[in-house]
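This report concerns only the one structure given below.
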Amino acid sequence: MTSLRAVKGMNDVLPDEIARWHRVEATFAKTMALYGFREVRTPYVEPTSLFVRTMGEATDVVEKEMYSFVHHDEPLTLRPEGTAGAARAYVEHGVASREPVTRWYYVGPMFRAERPQRGRYRQFSQVGAEVFGDAGPAVDAEMIDMLVVFLETIGVRDARVLVNSMGGPGARARYKEALVRYLEPKKAGLSEDSQRRLATNPLRILDSKDPRDQEAVAGAPAITELLDAEDDAHWRGLTRHLAALGVRYEAAPRLVRGLDYYTRTLFEIKGATDKLGAGDTLVGGGRYDGMIADLGGPSVPAIGFAAGLERLILASDVEVAAPAVPVFVATLGDAAVAYGLPLAHELRRAGIACEVDARAGSLKSKLRRANTQGARVTLIVGDSEVEGGTVQLKDMGAQTQDKVARADVVAAVVSRLGAS
Ligand code: HAM
């Protein structure tokens, strides 16, 4: 029989690694609370048309990477990102009529059928946030500053912040024209994909990884040269606020990002390539002022970001110790099990984590297990303890052992844990 394995690009996270995940998730939730964001949970499955309409038909994700299926005639997709679902929920629940500004964050799995490699998976987790109802640019700068603080707190060093502006629909249209004019004479030298994109979605050529495309776009015009007066004021406002906050950033005139919904502010935060390989973008985000109206809601501006949790964990320098189980109850024989289980129950009710080893086996093997679990105290129960109404309390650090009356065990454990 062939052995069953996880789906390619979809990974297990075993308990040995989970402490690192918990730490990043907890720091994220704490940071979000500091900035007034509240958690939203949206479904993992959405109507396929939601992603086609928001992310854009001619994007890599929609063209090639979605896990889509038809269920009872309904086209559905495993969510490849969180923004479209959050925006749908915001419109569906009429949130705009209840509050002028909404700050939401989310954490959870996303699905994209990409070619798996280090830092790039088919099921991955994002932490992300969206602000609806604030046209910026102060909130844009605040969000980027928040991310810099978050990355520092989880121990990501050497992160580079790249910022650009896409302008509004007018600037985007002018830029597309300028880009096509610039690339048309170079068409034969572009990759096959980009030759096709020149007609369908020329902006995508700017983030192609193909060296032929990268060479061709090296001297392409910058979109910031084509902004209208309002876009330009927004862009200058953003850079002014970033400077006031002391955020070190690089203006990246050819940063366009892989999704079609962006308007004005765009940003990415890159980590060190030696740790992350090809997937060195930790965070991606930007403004999408047209999406809420496109989904049938009121005209509400929005901005957000998402970061890949696996990448954050790869990039973070901090070692995290796995939490130990401080108390181990080693029972020897049937009567001892019946005596030890209620004892463990009592300890847990008092908030003390413990593990009961009720298996048949020698005291020596149970003490070995207590050690590997990091126990600081082992309570040994055999027939004579059951008869005498006591336990043997072994302090694993000091290597001492004392007889303690059953009624005093919880207090004795508390005092021993407090002392060592
Ligand atoms: P994105 O750039 O597609 O943007 O993804 C954001 C982040 O998710 C990436 O920077 C990366 O860290 C992580 N990521 C993406 N694909 C993978 C993958 N296959 N494996 C591992 N990590 C991955 C968005 O998703 C937008 N929704 C961000 C946003 C929110 N814009 C506005 N609001």
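Taking the inverse of the average 1/r across all pairs of different Cα atoms in the chain, what Kirkwood radius in Å do you get?
25.0
Between A229, A398, G167, whose Cα lies farthest towards the positive end of the dipole of the chain when Lys and Arg beta carbons carry +1 and Asp and Glu beta carbons carry -1, centred on the Cα centre?
Looking along the dipole axis, the top candidate is A398.
Which residue fluctuates most in the GNM of the chain (Cα springs below 10 Å): S165, S365, S97?
S365
Before I look further, what does segment 143-251 give for accessible area per residue, probe 1.4 Å, in whole square angstrom?
50
Starting from the Cα gyration tensor of segment 252-377, take the square roots of the eigenvalues, sort them a ≥ b ≥ c, and report rounded, prolate or oblate (rounded when a/c is under 1.5, otherwise prolate if a/b is larger than b/c, else oblate).
prolate
Give the cross-link partners of K364 among the lysines, using a straight C-alpha distance below 28 Å as the criterion and excluding same-chain residues fewer than 8 apart.
K394, K403
Tell me the label-point distance for the pair V13, R115, using the 7 Å Cα-to-Cβ offset, in nm and rounded to one decimal.
Roughly 2.7 nm, to one decimal.
How much of the DSSP bridge set in the chain is antiparallel, in percent, rounded to the nearest 5?
Antiparallel: roughly 80 percent of the beta bridges in the chain.
With +1 on each Lys and Arg Cβ and -1 on each Asp and Glu Cβ, and nothing else charged, work out how big the dipole of segment 272-311 is about its Cα centre, in Debye to the nearest 20.
So the dipole magnitude of segment 272-311 works out to roughly 60 debye.
Using DSSP to call loops (not H, G, I, E or B), can you name the GluC sites (Glu not before Pro) in segment 260-347 whose Cβ has at most 13 other Cβ atoms within 10 angstrom?
Sparse-neighbourhood loop GluC sites (Glu not before Pro): E319.
Å³ per residue of the Cα convex hull, for segment 59-158? Numbers along the way, then the final one.
Details: hull volume 15.2 nm³, N = 100.
About 152 Å³ per residue, rounded to a whole number.
Listed here are the pairs K64/K187; K187/K270; K64/K209; which of them are more than 19 Å apart at the Cα?
K64/K187; K187/K270
Using amide H atoms built 1.01 Å from N in the peptide plane, name the residues 5+ places from S125, or on other chains, whose amide H lies under 5 Å from its own.
For S125, the qualifying residues are M110, L309, E310.
What is the percent carbon and sulfur in the accessible area of segment 213-361, measuring with a 1.4 Å probe over the protein chains and ignoring ligands? Before the final figure, lay out each step's value.
Numbers: 3340 of 6390 Å².
Carbon and sulfur: 52 percent of the exposed surface of segment 213-361.
What's the extension gain from A398 to K176 if we count 0.36 nm per residue and subtract their Cα-Cα distance?
The span from A398 to K176 would gain 72.7 nm if fully extended.
On a 0 to 90° scale, report how tilted helix 83-92 is relative to the longest principal axis of the chain, with both axes built from alpha carbons and the result rounded to the nearest 10.
90
Quick check on segment 4-92: what are the equivalent-ellipsoid semi-axes from the Cα gyration tensor, as sqrt(5λ), descending, whole Å?
Taking √(5λ) for each Cα gyration eigenvalue gives 27, 21, 12 Å.
The values are calculated or read from the model by the stated rules, or taken from the named source; none is laboratory data. Quick caveat: nothing in here was measured; it's all calculated off a predicted structure. Virtual Cβ from ideal backbone geometry, glycine too; neighbours counted across all protein chains shown. Only protein heavy atoms, including side chains, enter the accessible area calculation; ligands, DNA and RNA are left aside. Shrake-Rupley method; radii C 1.70, N 1.55, O 1.52, S 1.80 Å.
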